[in-house]
Amino acid sequence: MHSLGARAQSTTRTRTPGEIVAAATPTSQVGRRIVDRTFLGVCIAFTALAVLLLVILLVSIWQDGHARLSWQFLSAFASRKTEEAGVRAPLWGSIWVCVICAVAALPIGVGTAIYLEEFSKRSRFRSFIQLNIANLAGVPSIVYGILGLTAFARAFGTANSEDPITFGQPESFFYLQLPFGHGVLAGGLTLMLVVLPIVIVSSQEALRTVPGSLRTAALALGATQWQTTWNITLPASIPMIMTGGILAMSRAIGEAAPILVLGVPLFIRSTPTNLMSDFTVLPLQIYNWSMRQQSGFHELAAAGIIVLLAVLLTLNAFAVIIRHRLQRANG
Amino acid sequence: MPHVAEISTATSRAAAANSRGTARSRAARIGTERVIRGSLLACALLSIVTTFTILVILLVQSASFFAMPQVSAWEFFTGTTWAPLLGEEKHFGIWPLIAGTLLVTSIAAAFALPVGLLVAVYLSEYAPSRVRAILKPILEVLAGIPTVVYGFFALAVITPFLHEHVSESFGTFNALGAGLAVGIMILPIVASLSEDSLRAVPRSLRDAAFAMGGTRFDVSTKVVVPAALSGIVASWLLAITRAIGETMIVALAAGGLASMTFNPAHEVQTMTAYMVQIFTGDAPAYGIEYKSSFAVATILFVITLALTVVGNLFLRAFREEYE
């Protein structure tokens with residue numbers, strides 16, 4: 001009876017100690033011990049299941065793919081003959097796209113976070129932006145792909161995609177065209193949109209960890225808001241911001257859906273040379289190989305996954321090292 | 001410049017910062033400040049521009065889809081046949097795609113929501129700190145694995161397992177294999193977010209319940225979980241949103257046949273998988289199939305947005321506050 005009452009009231013805002021006591025009212029000492037132990041057993045069993053699933057996942061992929069790993073696999077282009085195929089084009093494509101994404105998303109994301117945390121007053125406008133960012137974080141990545149396709153790849157149809165306006169020679173590093181088409185720049189900017197909410201939210205959290213007394217001290221000495229932010233707040237929060245940023249980049253490297261919507265060619269035998277070059281990324285190449293029923297492609301997909309996971313692991317190791325270094329530098 | 005790092009107190013740092021300030025006159029400093037403030041505001045406004053542009057693109061393209069003579073809005077919202085590519089007569093009834101999405105999401109949720117909560121309760125209430133220190137990174141690894149890897153896992157491991165050990169009726173593509181893979185993908189989201197809200201429950205509440213003779217089970221299920229309910233439900237809603245929007249797993253493992261079925265052994269097509277089919281396929285750009293994917297994307301966007309909004313409201317409205 002008592003516990004029923006407590007449950008019915010559990011949606012109210014505060015709980016009095018009386019309710020908490022009522023919630024824990026004993027029925028039978030031994031019975032409750034048994035229930036407790038059984039519950040613990042169930043919890044451990046399901047936690048073990050989650051760990052087991054990860055182990056099965058990694059082991060099965062390693063078994064399928066490790067035989068295909070070789071220097072040749074990293075340095076060869078995709079091929080219809082499975083024994084000659086490799087990940088050179090998607091590996092370089094992923095690196096290009098990730099660098100573009102980082103260069104675009106980090107300044108904009110951190111800038112937004114600084115505006116929201118340091119420069120704006122608690123107003124309706126601020127909570128509107130905040131709500132908007134929370135909602136953007138829930139938008140499926142494939143929808144960002146549609147946005148990237150329309151805005152970057154086709155420039156809203158304002159220019160003819162078949163006959164773009166060009167600047168410079170197509171072979172040159174500085175070659176540009178409008179609209180961007182499905183080149184690495186369009187891919188990187190699309191991924192920027194996907195990860196921007198993550199970068200903003202993690203940077204905001206980082207800025208919030210800086211004690212207010214540091215800001216007050218700087219402001220009291222006559223520093224402007226920006227001088228305070230640039231010299232005091234940002235240096236203190238940069239390790240956390242970098243960690244969040246690298247996490248966001250790992251997400252970007254693993255995304256296939258938005259790139260797929262851009263309409264990148266499926267079969268690529270070149271690495272990017274400029275921002276407009278055709279490209280593919282590792283997850284997309286893995287998808288293409290997984291879709292093929294013929295023998296051999298399955299192993300290629302598994303080997304591609306190992307390369308992708310290795311790239312992610314390297315990136316995360318960088319995050320740990322950077323955090324460690326910067327924390328020491330900050331004293 | 002480098003000596004700044006060695007100065008430890010905030011005051012001296014601020015003084016150094018001020019002496020380093022480039023603008024000497026007050027007017028120049030205010031000018032710089034304005035420019036910087038403006039560019040920061042521009043960064044913040046980009047997020048609003050993004051939302052606005054998504055809305056405009058989806059609405060304009062959907063409108064032009066519904067304006068086509070072969071399409072009727074009534075059929076789209078009530079029809080139970082989705083056959084945009086096959087046959088002479090094209091049918092655009094959204095329900096088979098929604099049914100497919102719902103089936104895969106339900107399977108994923110049925111697996112991940114309870115299991116995720118149990119893992120969270122174990123981590124927060126039972127696990128010794130040593131075990132926690134091992135398990136948390138494992139969850140982070142699970143959360144960091146790209147979804148295409150789970151798709152491959154569904155295709156290469158889960159489905160063959162179901163075919164051999166559960167029933168012969170599971171084909172290469174089936175809803176259960178894809179649903180379970182999506183479930184594994186969202187499990188770490190539920191586990192780590194729920195754990196955060198469980199740990200946020202004040203210690204005094206647990207102590208009070210323990211003092212009354214409650215077992216750990218009593219304390220967890222009757223005090224801590226109800227107190228953290230808003231955070232737990234928010235984590236569930238976020239996980240469901242991710243499951244609905246998940247693309248690569250279902251494109252690989254669920255198949256490409258839009259059908260009104262709730263049999264988990266059958267091939268189904270989700271909204272996202274249809275979009276993949278159109279954008280990778282030979283559907284002519286600006287054709288009717290192509291435009292239909294924008295209408296599907298609009299529905300997907302509306303559903304996920306609604307869930308995100310409800311999740312945020314839930315977090316705010318039902319948060320239990322102490323002291």
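The values are calculated or read from the model by the stated rules, or taken from the named source; none is laboratory data. For clarity, every value in this text was computed on a predicted model and none was experimentally measured. All Cβ positions, even for glycine, are placed from backbone atoms using ideal geometry, and neighbour counts span all protein chains on display. Side chains are part of the model used for accessible areas, which takes the heavy atoms of the whole protein and leaves out ligands, DNA and RNA. Shrake-Rupley method; radii C 1.70, N 1.55, O 1.52, S 1.80 Å.
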Rounded to a whole number, what % of the accessible area of the protein assembly as shown do carbon and sulfur atoms account for, probe 1.4 Å? 66 percent
Using only Cα atoms, find the angle between the long axis of helix A:29-65 and the longest principal axis of chain A, and express it within 0 to 90 degrees, rounded to the nearest 10. 10 degrees
What accessible area, in Å² to the nearest ten, does a 1.4 Å probe give for residue A:182? 70 Å²
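Sort A:300-306, A:236-242, B:303-309 by packing, meaning the average of other beta carbons within 10 Å per residue, with the highest value first.
The packing order, highest mean first, is A:300-306, A:236-242, B:303-309.
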Residue A:39 accessible area, assembled protein chains, probe 1.4 Å, Å²: 30 Å²
Compute the acute angle (0 to 90°) between the alpha-carbon long axis of helix A:234-254 and the principal axis of greatest extent of the alpha-carbon atoms of chain A; round to the nearest 10°. 60 degrees
May I ask for the angle, rounded to the nearest 10°, between helix B:288-317 and the longest principal axis of chain B, with both axes built from Cα atoms and the value confined to 0 to 90°? 40 degrees
Cα-based shape type of chain B, given that a ≥ b ≥ c are square roots of the gyration tensor eigenvalues and the cut on a/c is 1.5: oblate
Near residue B:291, which lysines are there with a Cα under 20 Å away, not counting those fewer than 8 places off in the same chain? B:90
Give the ranking of A:83, A:299, A:255, A:171 by solvent-accessible surface, highest area first, calculated with a 1.4 Å probe. A:171, A:83, A:299, A:255
Computed on protein heavy atoms with a 1.4 Å probe, what is the summed buried accessible area for the chain pair B and A, in Å² to the nearest 100? 8500 Å²
Diffing the range B:142-159: the Karplus 3J(HN,Hα) column from phi (6.51, -1.76, 1.60, θ = phi - 60°), in whole Hz with x for Gly and Pro, holds 4, 6, x, 6, x, 5, 4, 5, 5, x, 4, 4, 4, 5, 8, 10, 5, 4
Which value does Rg/Rh take for the range B:234-275 over its C-alpha atoms, Rh per Kirkwood? 1.02
Excluding ligands and nucleic acids, what accessible area in Å² is computed for residue B:161 using a 1.4 Å probe, to the nearest 10? 110 Å²
Sorted from largest down, what three extents in whole angstroms do the Cα atoms of the protein assembly as shown have along their principal axes? 76, 71, 55
Diffusion coefficient in µm²/s returned for the range A:64-155 by Stokes-Einstein, Kirkwood Rh over C-alpha pairs, 10 °C and 1.306 mPa s, is 93 µm²/s
Expressed in nanometres to one decimal, the distance between label points 7 Å along Cα→Cβ at residue A:325 and residue A:269 is 4.0 nm
Comparing B:182, B:35, B:296 in a Gaussian network model of chain B (Cα, 10 Å), the one with the largest mean-square fluctuation is B:35
By accessible area of protein heavy atoms, probe 1.4 Å, what ranking do B:216, A:68 get, highest first? B:216, A:68
Taking all pairs of distinct Cα atoms, average 1/r, flip it, and tell me the Kirkwood hydrodynamic radius of the range A:70-329 in Å to one decimal place. 20.1 Å
Which lysines does residue A:81 reach when only Cα atoms under 23 Å apart count, and residues fewer than 8 places away in its own chain are ignored? none
